[in-house]
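The values are calculated or read from the model by the stated rules, or taken from the named source; none is laboratory data. Everything numeric in this text was worked out from a predicted model, so none of it was measured. A quick note on method: Cβ atoms are made from the backbone with ideal geometry, for glycine too, and the neighbour counts reach across all protein chains shown. The accessibility values were calculated without ligands, DNA or RNA, using every heavy atom of the protein model including side chains. Shrake-Rupley method; radii C 1.70, N 1.55, O 1.52, S 1.80 Å.
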Amino acid sequence: MANIKKGDLVQVITGRKQDKGGDRGKQGKVLEVLVEQNRVVVEGVNYVTRHTRVGQTQRGTKTGGIETVEAPIHISNVAVVDPSTKKPTRVGHRVEEQVKDGVKRTVRVRYAKKSGKDL
């Protein structure tokens, strides 16, 4: 089971400081998880300038040009944010039994290790 999932709130824990033009310390929501490359795309973090070829749509409007988009960042450079303390934390898993419609199931649940709260 993955520690970081789409929709999680994460914080960048490595890189240049935020006041020096870097992204360390910034928090954002995970937009996409690239499992094969061990990378995540975080909202508002690691902006790059992309030059796309100018084209036309069916209606004749121009597309392309220079646009800024979020680039992937390595999964080891981000940490999940604990919802109660709003600080980065480590994630653990525990097995619990849940009863749903009279049927018992064992489910793995993620929790924040330092505070012990469920995510």
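A few points about this structure:
- Against the test of being more than 15 Å from N3 (Cβ to Cβ) and open to solvent by 70 Å² or more (accessible area, probe 1.4 Å), the options K100, K26 yield a single qualifying residue, K100.
- Whichever residue in the range 32-56 is farther than 18 Å from K6 by Cβ and open to solvent by 80 Å² or more (accessible area, probe 1.4 Å) and, among such residues, is nearest to the chain's Cα centre (by Cα): Y47
- When the strands (runs of 3 or more DSSP E) confined to the range 1-45 are screened for residues that are basic (K, R) and free of Cβ contacts under 8 Å to residues at least 60 places away in the same chain, those reaching at least 1 such residues are found at 27-34, 39-42.
- Meets criteria (crowded, with 17+ Cβ neighbours inside 10 Å, under 23 Å from A2 (Cβ atoms), in contact with a strand residue (DSSP E or B) (Cβ under 7 Å, 6 or more places away or on another chain) and of a type outside the set (F, W, Y)) for V107: no
- Checked against the criteria, G92 does not count as open to solvent by less than 100 Å² (accessible area, probe 1.4 Å), outside any helix (DSSP H, G or I) and at positive phi.
- Qualifying residue in the range 60-79 (condition: part of a loop (DSSP other than H, G, I, E, B), without any contact (Cβ under 8 Å) to a residue 40 or more places away in the chain and among the acidic types (D, E)): no
Residues checked against (1) under 19 Å from R110 (Cα atoms); (2) hydrophobic (A, V, I, L, M, F, W, C):
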site	(1), (2)
D8	yes, no
Q18	no, no
V33	yes, yes
V42	no, yes
R59	no, no
I66	no, yes
E70	no, no
V81	yes, yes
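- Exclusive hit being of a type in the set (S, T, Y), modelled with pLDDT of 90 or more and open to solvent by 50 Å² or more (accessible area, probe 1.4 Å), set S76, S84: S76
- Yes/no for R59 being over 21 Å from K6 (Cβ atoms) and of a type outside the set (A, V, I, L, M, F, W, C): yes
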